[in-house]
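What follows is a single structure, written as structure tokens, with notes after it.
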Amino acid sequence: MTIQIPTSNPVDRAALPDVPQGLPPAGLPDVATLARMASEFFSAVPGSATPAAASLGSGGGESLSATLPFTAPVLASASNPVPPGSPFAGPGGAGTGVPGLSVPQGQVAGANLLPSSPTHVLSLGNRVPALAPHAVAQNNLPDTVVTTAPAVEPRFGSHTLGAGTEASPFYFLRDSDARLNGTDKIPLPGSGATTAEQFGLPSVESLQLRTPERRLAETSNESRKTDSFYFLDHASAPKNREPGLHAASAHPPFDVNAIRRDFPILQERVNGRQLVWFDNAATTQKPQSVIDRLSYFYAHENSNIHRAAHELAGRATDAYEGARDTVKRFIGASSPDEIIFVRGTTEGINLVAKTWGVQNVGEGDEIIVSNLEHHANIVPWQQLAAQKGAKLRVIPVDDSGQVRLDEYQKLLNSRTKIVSVTQVSNALGTVVPVREIVAMAHRAGACALVDGAQSVSHMRVNVQEIDADFFVFSGHKLFGPTGIGVVYGKRQLLEDMPPWQGGGNMIADVTFDRTEFQPPPNRFEAGTGNIADAVGLAAAIDYVTRVGIENIGRYEHELLEYATSVLQPVPGVRLIGTAKDKASVLSFVLKGYETEEVGRALNEEGIAVRSGHHCAQPILRRFGVETTVRPSLAFYNTREEVDRMVSVVRRLSSRR
């Protein structure tokens, strides 16, 4: 369209000075005036006559004809009919969505397709960060174009690997001509239940996972097109290698950038620099879907579980027991009754030691652990051995940090009651051959527990294939909430074990003379459990399952190989733990520096690593050190982040 702008003096456009983007040249109206003009223009009802010109200033004068690149918004103005200042207002019509906050200068309200403008469809819940787009959602749009529905809060575009339809990866481009012509009306929120469709969004059911293969095909197709929509630039396939798009020779590319957009904390800045989270062995970050699931539970389902006739108790019980079934499928258990919810791996090992262990370990019996163990898989067994007069024996490791099966065989005998080993070392990253260890324990007549805290987020686990009698892990190491963990136990073993704690939920009947206990798993879940976080753990498992644990493991293995190749040659660096089979953990010391110094230097650059003994002092002392620097990688980390870390280590190395 053309807007006639009166001015008191003719202006030669060719002579206008260069100005920063978003600011008007001298002689033209200021941004606030342009914003008012645009708001008036876009407030017209679709299909009605629109003003072709606007007059500025108090005096007459000659007119300057300027063609402005305003693009009509996809949504009709009726989709935002609320007064300014309302929390339901957005820059598409009535305001910013934040009371008292004006539209940022240089951004024209209503021009939702301009790259510099805020791109709300409808802003709910006063999401201030949405006024400053900083990330790209999974449909490759700035995350502020993706809306939220009341009480549901997730940005619908931030589901794993993107949301879209077969017709187009951008749902709002479907029938866009009809929308622009006013023939496709957007429904307004009604008084009934809120749905995504009420806001012009696809239903949750229509949000389909885009696999890496499908995503590659889409980006390849888009690279052959020339489109006028700026946001399609993000979908174009790279001519060479786009940062974050790494491919193995036999597999399609793994789009780490798509994954990263699902983790909002990765946009945080530390000391002015974008966060690099290399402390995944301590805890992993949470995808938006997990955060949203927790919010939804507290907004719509929050109740104690079991034994209630009201609706919310039913919802909470279904969600909690559904989470148990999700865990069962994830680790390959034969029944959800074999899944016990606890606070984490530490509590899980203590439960087994203080129930099965107290019942089955006696004086002179032996308990075997490996030299790789976390303190949580040492201390409970030490306590049991001291209580029962048993003996704790240790499987040694070789110079690479791998357990020695030949020495383990020598430890096994008729007095061995239980073997408890980690599947992946938290300090070194060594992947332990647990299937062989479990089989050897069973041949000796012993039970076996596998600590899967560091394995479930990196590799496929099937407890029946491992044949473990017990398997334990923590939710927060699997992109889920803290304070939730799992004990898997074979059903027959659980039925023979006494309760660990007494109280509500674990009883069938109580009199002052006796108590009858529930069968497993309720027998081991006394009191009100961590209901919401169990549900959050299920959401994390669903997320990992959609991405594909094999895809995750393959990508992380390649990233670990790359990180090792660039860190190991740095002068003064000594890698601790070089086993052939490793998960994505690096552990190192730097000559001339305390590990805390290295950790602080990395933190100054926004890079989070763990420095210390990692609750695994015995294995570090095996290699002659008390502490190490431990960067631990996850599938949302990148080679570029590794390069940032190594550059800091190189700088430190050059100083001493």
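Among the residues making up segment 396-436, those that are among the β-branched types (Val, Ile, Thr) and free of Cβ contacts under 8 Å to residues at least 40 places away in the same chain are Val403, Val434.
Table: residues versus (1) among the polar types (S, T, N, Q); (2) within 29 Å of Ser457 (Cα to Cα); (3) surrounded by 22 or more Cβ atoms within 10 Å (Cβ to Cβ).
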| site | (1), (2), (3) |
| --- | --- |
| Leu372 | no, yes, yes |
| Ala376 | no, yes, yes |
| Pro396 | no, yes, no |
| Ser400 | yes, yes, no |
| Arg404 | no, yes, no |
| Lys410 | no, no, no |
| Asn413 | yes, no, no |
| Val421 | no, yes, yes |
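Anything in segment 295-306 that is in a helix (DSSP H, G or I) and open to solvent by 20 Å² or more (accessible area, probe 1.4 Å)? List them, or say none. Listed by number, the residues that qualify are Ser295, Tyr296, Tyr298, Ala299, His300, Glu301. May I ask you to list the residues in segment 453-474 that are free of Cβ contacts under 8 Å to residues at least 40 places away in the same chain, over 16 Å from Ile367 (Cα atoms) and touching a strand residue (DSSP E or B) at 6+ places or on another chain (Cβ under 7 Å)? Within segment 453-474, Ile466 is the sole residue that qualifies.
Matching residues to (1) assigned to a loop (DSSP other than H, G, I, E, B); (2) under 27 Å from the mean Cα position of the chain (by Cα); (3) closer than 26 Å to Val547 by Cβ; (4) aromatic (Phe, Trp, Tyr):
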| residue | (1), (2), (3), (4) |
| --- | --- |
| Ala308 | yes, no, no, no |
| Ala323 | no, yes, yes, no |
| Lys328 | no, yes, yes, no |
| Ala376 | no, yes, no, no |
| Ala386 | no, no, no, no |
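Answer yes or no as to whether Asp292 is crowded, with 19+ Cβ neighbours inside 10 Å and out of contact with any Gly (no Cβ under 7 Å at 6 or more places or on another chain). Here the answer is yes, as Asp292 does meet what is asked.
Looking at segment 451-567, the strands (runs of 3 or more DSSP E) lying wholly inside it that each contain 2 or more residues that are among the aliphatic types (A, V, I, L, M) and farther than 20 Å from Asp581 by Cα sit at 485-489, 507-510.
Yes/no matrix, rows are residues, columns are (1) open to solvent by 60 Å² or more (accessible area, probe 1.4 Å); (2) at pLDDT below 95; (3) of a type in the set (Phe, Trp, Tyr):
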| site | (1), (2), (3) |
| --- | --- |
| Val589 | no, no, no |
| Tyr593 | no, no, yes |
| Glu596 | yes, no, no |
| Gly606 | no, no, no |
| Arg610 | yes, no, no |
| Arg622 | yes, no, no |
| Arg630 | no, no, no |
| Ser653 | no, no, no |
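All conditions but one from (1) touching a Gly at 6+ places or on another chain (Cβ under 9 Å); (2) farther than 23 Å from Val270 by Cβ; (3) small (Gly, Ala, Ser); (4) crowded, with 21+ Cβ neighbours inside 10 Å apply to Ala616; the one that does not is (1). Applying a threshold of 6 Å to beta carbon distances and a minimum spacing of six or more residues, or different chains, the list of pairs starting in segment 578-607 at a residue that is over 25 Å from Gln274 (Cβ atoms) and ending at one that is charged (D, E, K, R) and open to solvent by 70 Å² or more (accessible area, probe 1.4 Å) reads Val589/Arg574; Gly592/Arg656.
The values are calculated or read from the model by the stated rules, or taken from the named source; none is laboratory data. Keep in mind that this is a model prediction, so the values were computed, not measured. In this analysis, Cβ positions are derived from the backbone assuming ideal geometry, glycine residues included, and neighbour counts consider all displayed protein chains. Heads up: the accessible areas ignore ligands, DNA and RNA and are worked out on the full protein's heavy atoms, side chains in. Shrake-Rupley method; radii C 1.70, N 1.55, O 1.52, S 1.80 Å.
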